[in-house]
Amino acid sequence: MTPMGWAQNPGDAEHAELAKALRDAKIPLQRGLTASMKEGKPISAKYEVEHGKLQLSVYTMKSDKFSEVIVDHRTGKVAKGRAITGRRRSHERQGSERGDG
């Protein structure tokens, strides 16, 4: 008889960490989208764990420029924003084409 084991996918640990961290989220994604509107037109939003901390990231577009806006998941206020440069977008697009991202 072959012994059975359970192998955890690395993504499973990330999902478990996110699920645990989401307990602290006080606002829905929609409120984050609304808060980010002063930075540009919201395109997408997601909760993620970044450096061990929960964060709500909203991606926006204004003219032909893209930004990542961090919304405080407790208050719904914009905490910070940063431009996504063409170089970074190019790198992300290449990763998507390879299936990396």
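Over region 17-56, all Cα pairs binned in 5 Å intervals from 0 give whole-percent P(r) values of 5, 24, 30, 20, 14, 7, 0, listed from short to long.
Using a probe of 1.4 Å on the protein chains alone, the accessible area found for Met37 is around 120 Å². Per-residue SASA remark: Thr34, around 80 Å² accessible (1.4 Å probe; ligands, DNA and RNA not included).
Pairs of Lys residues in region 26-74, spaced 8 or more positions apart or belonging to different chains, with C-alpha separations under 20 angstrom: 9 in total.
Could you give log10 I(q)/I(0) at q = 0.16, 0.26 Å⁻¹ for region 30-78, computed by the Debye formula over C-alpha point scatterers of equal weight, without solvent? The Cα Debye sum returns log10 ratios of -0.38, -0.89.
The values are calculated or read from the model by the stated rules, or taken from the named source; none is laboratory data. The model shown is predicted, which means the values in this text are computed figures rather than measured ones. Accessible surface is based on the protein model in full, side chains and every heavy atom, while ligands, DNA and RNA are left aside. Shrake-Rupley method; radii C 1.70, N 1.55, O 1.52, S 1.80 Å.
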